[in-house]
């Protein structure tokens, strides 16, 4: 099982529904309503914050997005990037 599937499995039904909406908006490139921020010292890595949940993704040539992590906020959330 990959890391993203495992992360989704650990979320509640309500949180999964929220994440699904965020992922669809990332896919459709309509991120203006979210708290979107570029990570420090990273060229094309961004995070979307919704409550305690974070979706970290890499933006490549304004067409493709690669989801790197789906996590709840903790002290270790951003250490890998």
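The values are calculated or read from the model by the stated rules, or taken from the named source; none is laboratory data. Values in this document were obtained by computation on a predicted structure and should not be read as measured data. Don't worry about glycine lacking a Cβ; one is built from the backbone with ideal geometry, like all the others, and counts go over all protein chains shown.
Test residue 56 against the stated conditions and say whether it is out of contact with any helix residue (DSSP H, G or I) (no Cβ under 8 Å at 6 or more places or on another chain) and assigned to a helix (DSSP H, G or I).
Answer is no for this residue.
Among the residues in the range 60-67, are any surrounded by fewer than 17 Cβ atoms within 10 Å (Cβ to Cβ), touching a strand residue (DSSP E or B) at 6+ places or on another chain (Cβ under 6 Å) and at pLDDT 90 or above?
Yes, there is a match, as at least one residue in the range 60-67 is surrounded by fewer than 17 Cβ atoms within 10 Å (Cβ to Cβ), touching a strand residue (DSSP E or B) at 6+ places or on another chain (Cβ under 6 Å) and at pLDDT 90 or above.
Suppose we filter the range 23-45 for residues that are in contact (Cβ under 8 Å) with a residue 12 or more places away in the chain and in contact with a helix residue (DSSP H, G or I) (Cβ under 9 Å, 6 or more places away or on another chain); how many remain?
2
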